[in-house]
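**Q** Quick one: this structure, given as structure tokens, is what I'll be asking you about.
The values are calculated or read from the model by the stated rules, or taken from the named source; none is laboratory data. Quantities reported herein were computed from a predicted structural model and do not represent experimental measurements. Note: ideal-geometry Cβ built from the backbone for every residue, glycine included; neighbour counts use all protein chains shown. Protein only, heavy atoms only, side chains kept; ligands, DNA and RNA dropped before computing areas. Shrake-Rupley method; radii C 1.70, N 1.55, O 1.52, S 1.80 Å.
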Amino acid sequence: THGFVDATARHDGALYRFPITAMLSLSVSIVPLGIAKAAVDAFVAISGRTTAGTSRPMRERETIQTDLARAEALRRAGKALILSALQDLEEALAVGGQPLIEALGYFRMALAHSAEASLRAVEILAAAAGTASISEKHPLERCLRDVQAAVKHVAMSSHNFTAAGQMMLGLDMTGKRS
């Protein structure tokens, strides 16, 4: 095995006890959140435009307002879940044992959920923008393409839900009884 997998801390403090694989997973898992934020910003920027068949700006339509708020709620919920799981993981690092195993399972679940929420948020905004968002030059099209690629990373795969479910059912995170 490589030393970074089972390395021991050389300094005291939670940062030095934080599992490197969890740190690496966190670093790639926040990318979809950033893309979702960029999509929200891009959507707000075009919301003053009118669309075919109406003279009212998009921002004055209730469905647009609802879709924007729904997308932002998804993005914020994903971020909040990661932050909560991160705090739980930090607390579990001081205890170790089963609490740490559980915190790692929930942390993995939070990363996967946040990725799905970010993807859904961008999809909602791209759909609400209509045909404007299908142009390769449109920022929402780029956000949609980027988030679809970003969530393919193993750190955010649906396997993380499986691992968390296994942990919750008293199995180790490979499916065997613990």
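**Q** Restricting attention to region 52-64, does a residue exist that is among the basic types (Lys, Arg) and at pLDDT 95 or above? Talk me through it step by step, then tell me what you get.
**A** Restricting attention to region 52-64, the residues satisfying the condition of being among the basic types (Lys, Arg) are 56, 59, 61.
Filter once more, so that each one left must be at pLDDT 95 or above: none.
There is no residue in region 52-64 that is among the basic types (Lys, Arg) and at pLDDT 95 or above.
**Q** Are there any pairs with C-beta distances below 7 angstrom linking a residue in region 152-164 that is closer than 16 Å to Leu24 by Cβ to a residue that is of a type in the set (Val, Ile, Thr) and open to solvent by 30 Å² or more (accessible area, probe 1.4 Å), with the two at least 6 apart or on different chains, and if so which?
**A** Short answer, once both residue conditions are applied: His153/Val28; Ala155/Val28.
**Q** Looking at region 43-63, which of its residues are of a type in the set (Ser, Thr, Tyr), surrounded by 14 or more Cβ atoms within 10 Å (Cβ to Cβ) and in contact with a strand residue (DSSP E or B) (Cβ under 8 Å, 6 or more places away or on another chain)? It would help to see each step written out before you state the result.
**A** Start the filter on region 43-63 by keeping residues that are of a type in the set (Ser, Thr, Tyr), which leaves 47, 50-51, 54-55, 63.
Among the residues that remain, those that are also surrounded by 14 or more Cβ atoms within 10 Å (Cβ to Cβ) are: 47, 51.
Result: Ser47, single match.
**Q** While we're on this one: Could you check region 133-178 and list, in sequence order, the residues that are buried (at least 17 other Cβ atoms within 10 Å of the Cβ), of a type in the set (Val, Ile, Thr) and modelled with pLDDT under 90?
**A** none
**Q** Report yes if some residue within region 117-126 is open to solvent by less than 60 Å² (accessible area, probe 1.4 Å) and touching a Pro at 6+ places or on another chain (Cβ under 7 Å); otherwise report no.
**A** For region 117-126, residues open to solvent by less than 60 Å² (accessible area, probe 1.4 Å) and touching a Pro at 6+ places or on another chain (Cβ under 7 Å): present.
**Q** Given the conditions (1) under 17 Å from Ala163 (Cα atoms); (2) surrounded by 22 or more Cβ atoms within 10 Å (Cβ to Cβ), and given that Gln98 satisfies all but one, which numbered condition is not satisfied?
**A** Among (1) under 17 Å from Ala163 (Cα atoms); (2) surrounded by 22 or more Cβ atoms within 10 Å (Cβ to Cβ), the lone unmet condition for Gln98 is (2).
**Q** Identify all residues within region 52-64 that are over 16 Å from Asp41 (Cβ atoms) and either outside any loop (DSSP other than H, G, I, E, B) or under 25 Å from the mean Cα position of the chain (by Cα) (or both); write none if there are none.
**A** Initially, region 52-64 is screened for residues over 16 Å from Asp41 (Cβ atoms), giving 52-57, 60-63.
Hits for region 52-64 are Pro57, Glu60, Glu62, Thr63.
**Q** Sticking with this one: Consider only pairs whose beta carbons are under 7 Å apart and that are at least six residues apart or on different chains; among these, list those whose first residue lies in region 60-75 and is closer than 19 Å to Cys143 by Cβ and whose second residue is open to solvent by less than 40 Å² (accessible area, probe 1.4 Å) and of a type in the set (S, T, N, Q).
**A** Going by the 7 Å Cβ cut-off, the qualifying pairs are Ile64/Ser47; Arg75/Ser118.
**Q** Continuing with the same structure: Quick one: Ala112 ticks every box in (1) more than 19 Å from Leu68 (Cα to Cα); (2) touching a residue at least 60 places away in the same chain (Cβ under 8 Å); (3) open to solvent by less than 10 Å² (accessible area, probe 1.4 Å) except a single one, so which number is it?
**A** Single failed check for Ala112: (2).
**Q** Another question, if that's okay. Which of the residues that make up region 82-95 are open to solvent by 60 Å² or more (accessible area, probe 1.4 Å) and either without any contact (Cβ under 8 Å) to a residue 60 or more places away in the chain or touching a strand residue (DSSP E or B) at 6+ places or on another chain (Cβ under 8 Å) (or both)? Reasoning before the result, please.
**A** First, pick out the residues of region 82-95 that are open to solvent by 60 Å² or more (accessible area, probe 1.4 Å): 83, 87-88, 90-91, 94-95.
The answer is Leu83, Gln87, Asp88, Glu91, Val95.
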